[in-house]
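> This structure is in structure tokens; I'll ask about it shortly.
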Amino acid sequence: MEIKFKNNVKKGRVIIACSIMEAELEAIRKDAKNVEIRYLEQGLHRTPTKMASVIQAEIDKVADYAKIIVLGYGLCSNGVVGVKARNQPLIIPRCHDCITLFLGSRLLYQKMFQKNPGTYYLTEGWIRWKKDPLSILKDEYIPRVGDKKALWAMKMELQHYTDFVLIDSGVGDIKYMREVAKRNAEFFEKRYKEVKGSLQYFKKLLTCNKEDDEFIFIKPGEHITQEMFFL
């Protein structure tokens with residue numbers, strides 16, 4: 001876990017976010033005062049049953065001094081269900097996964113999903129952390145089960161996807177990201193596309209309050225439920 005502090009925070013806003021969005025958040029936090037950002041390991045979404053306890057432990061660490069806590073997560077396969085802040089309000093984006101954050105809009109994500117639900121998205125963070133399918137295949141699957149089984153397993157995971165889409169949020173080395181994303185698309189025989197991302201939703205993590213309907217406002221002691229994301 002990596003922790004980044006701003007102005008020696010004593011009481012203020014604490015953002016607990018997936019490290020997959022570190023580049024975007026660090027690009028916009030320069031003028032944010034009294035903000036602390038704590039990044040958690042990016043693979044939590046792959047074990048949603050363990051995700052809540054890890055996030056809860058991080059919330060509890062800042063409970064004595066945070067004025068408000070904001071999560072840089074969506075519903076994430078119910079991975080945040082049950083999480084609560086005991087001493088202060090908790091705010092979480094009203095979205096199902098982090099792709100909405102990278103696109104900057106719930107409406108845009110909904111439109112893109114309806115148009116093509118078989119889309120596998122890649123961002124700067126996924127590529128930098130080598131969590132694109134090709135890297136996972138080579139670094140995780142093949143050493144564990146060998147070439148043949150590993151390739152079969154990854155192809156099964158991707159069988160319902162038709163497109164690899166790179167989200168360009170304006171941060172990172174786009175030339176390198178494009179190269180990796182295209183290599184994935186070619187290897188797994190998927191169509192390749194690029195879309196322009198936005199930092200707008202990330203900026204709101206630094207300023208959002210209960211008046212913003214892009215977020216869910218949770219009172220102290222109240223826990224996150226799945227139903228909150230469907231209101």
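> For segment 78-89: of the residues being surrounded by 18 or more Cβ atoms within 10 Å (Cβ to Cβ) and under 17 Å from the mean Cα position of the chain (by Cα), which is nearest to ALA57 (Cα to Cα)?
The residue in question is VAL83.
> From the list LEU101, LEU75, LEU134, which one is touching a residue at least 40 places away in the same chain (Cβ under 8 Å), in a helix (DSSP H, G or I) and within 12 Å of the chain's Cα centre (by Cα)?
Numbers: LEU75 fails: in a helix (DSSP H, G or I); LEU134 fails: within 12 Å of the chain's Cα centre (by Cα).
When all the criteria are applied, what remains is LEU101.
> Restricting to segment 27-42, name every residue that is surrounded by 14 or more Cβ atoms within 10 Å (Cβ to Cβ) and either part of a strand (DSSP E or B) or out of contact with any helix residue (DSSP H, G or I) (no Cβ under 7 Å at 6 or more places or on another chain) (or both). Can you show your working first?
Step one: filter segment 27-42 for residues surrounded by 14 or more Cβ atoms within 10 Å (Cβ to Cβ), giving 27-29, 32, 34-40, 42.
Correct list: ALA27, ARG29, ALA32, ASN34, VAL35, GLU36, ILE37, ARG38, TYR39, LEU40.
> Select from segment 215-231 the residues that are closer than 30 Å to ASP163 by Cβ and surrounded by fewer than 17 Cβ atoms within 10 Å (Cβ to Cβ) and write down the one among them that is modelled with the lowest pLDDT.
That would be PHE230.
> Also, I was wondering about something else. Just checking, how many residues over segment 112-131 are in a loop (DSSP other than H, G, I, E, B), of a type outside the set (D, E, K, R) and crowded, with 18+ Cβ neighbours inside 10 Å?
Step one: list which residues in segment 112-131 are in a loop (DSSP other than H, G, I, E, B), which gives 116-118, 123, 129-131.
Next, only the ones that are of a type outside the set (D, E, K, R) stay: 116-118, 123, 129.
From what is left, the residues that are crowded, with 18+ Cβ neighbours inside 10 Å are 123.
Summing the residues that are in a loop (DSSP other than H, G, I, E, B), of a type outside the set (D, E, K, R) and crowded, with 18+ Cβ neighbours inside 10 Å in segment 112-131 gives 1.
> Continuing with the same structure: Looking at segment 105-124 only, could you name the residues that are modelled with pLDDT of 95 or more and under 23 Å from LEU199 (Cβ atoms)?
Across segment 105-124, the qualifying residues are THR119, TYR120, TYR121, LEU122, THR123, GLU124.
> If ASN184 meets every condition in (1) within 23 Å of TYR73 (Cα to Cα); (2) in contact with a helix residue (DSSP H, G or I) (Cβ under 8 Å, 6 or more places away or on another chain) apart from one, which number is that one?
(1)
> Considering each of SER53, SER19 in turn, give the residue that is within 14 Å of the chain's Cα centre (by Cα) and either among the charged types (D, E, K, R) or surrounded by fewer than 22 Cβ atoms within 10 Å (Cβ to Cβ) (or both). Break it down into steps so the answer makes sense when it comes.
Numbers: SER53 fails: within 14 Å of the chain's Cα centre (by Cα).
That would be SER19, the only listed residue that is within 14 Å of the chain's Cα centre (by Cα) and either among the charged types (D, E, K, R) or surrounded by fewer than 22 Cβ atoms within 10 Å (Cβ to Cβ) (or both).
> Is it the case, given these coordinates, that TYR109 is crowded, with 18+ Cβ neighbours inside 10 Å, free of Cβ contacts under 8 Å to residues at least 24 places away in the same chain and touching a helix residue (DSSP H, G or I) at 6+ places or on another chain (Cβ under 7 Å)? Spell out how you get there, then give the answer.
Details: crowded, with 18+ Cβ neighbours inside 10 Å: yes; free of Cβ contacts under 8 Å to residues at least 24 places away in the same chain: yes; touching a helix residue (DSSP H, G or I) at 6+ places or on another chain (Cβ under 7 Å): yes.
Criteria met by TYR109.
> For segment 57-72, what are the residues that are surrounded by fewer than 17 Cβ atoms within 10 Å (Cβ to Cβ) and part of a helix (DSSP H, G or I)? Before the answer, list the steps.
Our first condition is that a residue be surrounded by fewer than 17 Cβ atoms within 10 Å (Cβ to Cβ); within segment 57-72, this holds for 57, 60-61, 63-65, 67.
Within segment 57-72, ALA57, ASP60, LYS61 qualify.
> Still on this structure, please answer the following. Given segment 154-231, what strands (runs of 3 or more DSSP E) lie entirely inside it while holding 2 or more residues that are in contact (Cβ under 8 Å) with a residue 12 or more places away in the chain and aliphatic (A, V, I, L, M)? Spell out the reasoning first.
On the way: elements: 163-168, 191-196, 215-218.
Qualifying strands (runs of 3 or more DSSP E): 163-168, 215-218.
> Being of a type outside the set (Ser, Thr, Tyr) and within 30 Å of ASP213 (Cβ to Cβ) is true for just one of ILE167, ILE127. Which residue is that? Step through it out loud before you land on a result.
Numbers: ILE127 fails: within 30 Å of ASP213 (Cβ to Cβ).
Among ILE167, ILE127, only ILE167 is of a type outside the set (Ser, Thr, Tyr) and within 30 Å of ASP213 (Cβ to Cβ).
The values are calculated or read from the model by the stated rules, or taken from the named source; none is laboratory data. Worth saying up front: this structure is predicted, and the values here are computed from it rather than measured. Reconstructed Cβ throughout: ideal geometry from the backbone, glycine too, with neighbour counts over all protein chains shown.
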